[in-house]
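The structure appears below as structure tokens.
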Amino acid sequence: MDNDTERNAELYNPEDERIFDENCLLHGTPHCRLLNMESCNSCYIRNLSEEDQRKAMEDIRMAAAAMPVGGMESLRQDDECAFCRGMKNPADGGYALFDIGHLNPKAIDERKNGRKAYKRDVSIVVPVQLPVCRHCKRRIQLINYLPLIIGLVITALSFIVVTSKPVYGALNKQGRIIPVLAALIGVLLAVAIANLAKMILKNAAERKTVLRPGTLKPIEKLRSEGWFVIESGEFDIPLTFSKEGLKNGIMTGGDQENNINEIVNWNGVRSIGKYKKGEDK
């Protein structure tokens, strides 16, 4: 075996043969390119029934038709911060990430035979990546994290104080329920102070930073097309941050305008071929 053959054998990975599934209805379509998944192995649509794959294609078409010119790609290409009020700072803080969903279709399809169903309660959830400066990023992170930290610290301190021997003994002499009430007062005090800190931070930040993603100009245009910001159950402001942005997922790749145009004018012809990882589909 020569050196080239040995090197190719070392690089060969059996998984590479299954990167793209030609049996999937989306394979070779602009719908698949717009999804921009790393491989078929990481795409849940591959495991759906043919009926549900057709529904997914319909929903991707609907989402594409409701996109601005250039798709979501156009929103992340600005060199200025999307969150600054007044004069814009350079976008040196990476990207602010949040999700938007569409109002239609509203029907939910479920399967009772155990097969994985394609639920259509929200047609498509699309990640938004907007450039952000380090100043706006820091203000938003302070609002999301600092009040929580303050609340946890005060709660911990109140329990430490109440359960210390001298304090617990003195309170217990007044009645067995008194230490519990004292600890509860400490928790309520922590919540009140955390909420006050959040309000102060918000009021200070809003002078320089847009804190509600739905009020940003690019998102207002999307809202007029039926999109809405998906609220986060974890953070008061539904934003996370990434230095590089997302590499995979629907509308995270390039050439979105051409893909959207192809989807909207879809004629059912697929470009079937043997794709390799790293090549354009």
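The table for this structure:
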{"quantity": "Förster-model FRET efficiency, 35 Å R0, ASN248 and GLU50, C-beta, rounded to 0.05", "calculated": "0.90"}
{"quantity": "Ranked by how many other beta carbons lie within 10 Å on average, peptides 143-151, 174-182 from highest", "calculated": "143-151, 174-182"}
{"quantity": "Mean Cβ neighbour count within 10 Å, used as a protection proxy, ranking 238-246, 258-266 highest first", "calculated": "258-266, 238-246"}
{"quantity": "Length released on extending from ILE193 to ARG176, taking residue separation times 0.36 nm less the Cα-Cα span", "calculated": "3.4 nm"}
{"quantity": "Virtual spin-label span in nm between LEU184 and ASN265, 7 Å along Cα→Cβ", "calculated": "6.9 nm"}
{"quantity": "Inter-probe distance in nm under a simple model that places probes 7 Å from Cα toward Cβ, at GLN77 and ILE160", "calculated": "5.4 nm"}
{"quantity": "Cα-Cα over 22 Å, subset of LYS137/LYS208; LYS88/LYS217; LYS137/LYS202; LYS202/LYS247; LYS88/LYS137; LYS208/LYS247", "calculated": "LYS202/LYS247; LYS208/LYS247"}
{"quantity": "Packing rank of 248-254, 197-203, where each peptide gets the mean count of other beta carbons within 10 Å, highest leading", "calculated": "248-254, 197-203"}
{"quantity": "Total formal charge among the other residues, if their Cβ is under 15 angstrom from that of GLY94, Lys/Arg +1 and Asp/Glu -1", "calculated": "+2"}
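Every number here is computed from the coordinates shown, using simple stated rules; none is lab data. Only a predicted model underlies this, so the values are computations on that prediction, with no experimental measurement involved. Positions of Cβ are generated from backbone atoms using ideal geometry, with glycine treated the same way; all protein chains shown enter the neighbour counts.
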